[in-house]
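The values are calculated or read from the model by the stated rules, or taken from the named source; none is laboratory data. Small disclaimer: the values here were computed from a predicted structure and weren't measured. Using ideal geometry, Cβ is built from the backbone for each residue, glycine included, and neighbour counts are taken over all protein chains shown.
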Amino acid sequence: MAQPLDLPLDLPIDPLLNFLQILDYLGVAVFAVTGAIVASRKNMDLIAFLFFATMTGIGGGTLRDLILGVPVFWTRSEGYLLVCFTVSVLMWFGAHIVEGWGKPLRWADAVGLAAYCVMGSAKALSVSEMPVVAVLMGVATATFGGILRDVVVGDPSAIVKPELYISAAVIGSTVFVILTILGLSLWPAAIIGAAAAFVLRAGAITRGWTLPSYRPPAAR
């Protein structure tokens, strides 16, 4: 049986694990913020804040771990749920402040997508020998929580809009995986991959960047 891809990392294992954990907590926290923002816009109670923040924060990583057949990350450390609960309470008192920053949901979602597409790919590379699987797991980790949030609350999901969303996660994950396979160490590979995803999302938010949409022959 083929072995999982050996990451060509020149970092000691403890800094590596710390780096991945930072990305993991960052992704959970930022996506939890987006879930709480949705709850605030619907004038929901604190329990709903907790529900949407937690569902959005851990949704993508949960799907990733279930597909990879590894223990679900938040069942092994209560810190992730604590982050979601803390974000929920803070947003319960301060959502109106965050809303005043301008497009907070979309920008927070962009940060979470950038961090989580890299984190998801890195975790997949540690258990699978296939780079394509790593890219797909990065995309799933980065997008599923937000998609689930929008579906449950009844808002149009970003995936049905023409702007770059899943495409940004695909590019960020692909860049990270390719650079890692080529021998670049984790830190620069992760930073470049996350930056690629964030820049694409930022362009979609500020300049309306999109991919070409399908048009039937009669409309061409």
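Output the number of the condition that Pro217 fails; it satisfies all remaining conditions of (1) under 28 Å from Lys123 (Cα atoms); (2) free of Cβ contacts under 8 Å to residues at least 12 places away in the same chain; (3) not charged (D, E, K, R).
(1)
Regarding the stretch 149-170, can at least one residue be identified that is under 17 Å from Leu26 (Cα atoms), modelled with pLDDT of 95 or more and within 11 Å of the chain's Cα centre (by Cα)?
Yes, the stretch 149-170 has at least one match.
Mind listing whichever residues of the stretch 93-106 are closer than 18 Å to Ala158 by Cα, in a helix (DSSP H, G or I) and of a type in the set (D, E, K, R)?
Residue satisfying the conditions is Arg106 alone.
For residues that are in a helix (DSSP H, G or I) and out of contact with any Ser or Thr (no Cβ under 9 Å at 6 or more places or on another chain), tally how many sit in the stretch 107-130.
Adding up the residues that qualify gives 5.
Suppose we filter the stretch 177-191 for residues that are surrounded by fewer than 17 Cβ atoms within 10 Å (Cβ to Cβ) and either within 17 Å of the chain's Cα centre (by Cα) or not hydrophobic (A, V, I, L, M, F, W, C) (or both); how many remain?
Matching residues across the stretch 177-191 total 4.
Looking at the stretch 84-94, which of the residues that are surrounded by fewer than 19 Cβ atoms within 10 Å (Cβ to Cβ) and out of contact with any Leu (no Cβ under 8 Å at 6 or more places or on another chain) is nearest to Leu186 (Cα to Cα)?
In this case the residue turns out to be Thr86.
What number of residues within the stretch 77-89 are touching a residue at least 24 places away in the same chain (Cβ under 8 Å) and over 15 Å from Ala108 (Cα atoms)?
6
Out of all the residues in the stretch 134-146, which are over 15 Å from Val72 (Cβ atoms) and in contact (Cβ under 8 Å) with a residue 60 or more places away in the chain?
Across the stretch 134-146, the qualifying residues are Ala134, Ala142, Thr143, Gly146.
With respect to Val118, determine if the residue is surrounded by fewer than 24 Cβ atoms within 10 Å (Cβ to Cβ), in contact with a Phe, Trp or Tyr (Cβ under 8 Å, 6 or more places away or on another chain), modelled with pLDDT under 95 and more than 22 Å from Thr206 (Cα to Cα).
Taking the combined requirement at face value, the residue does not satisfy it.
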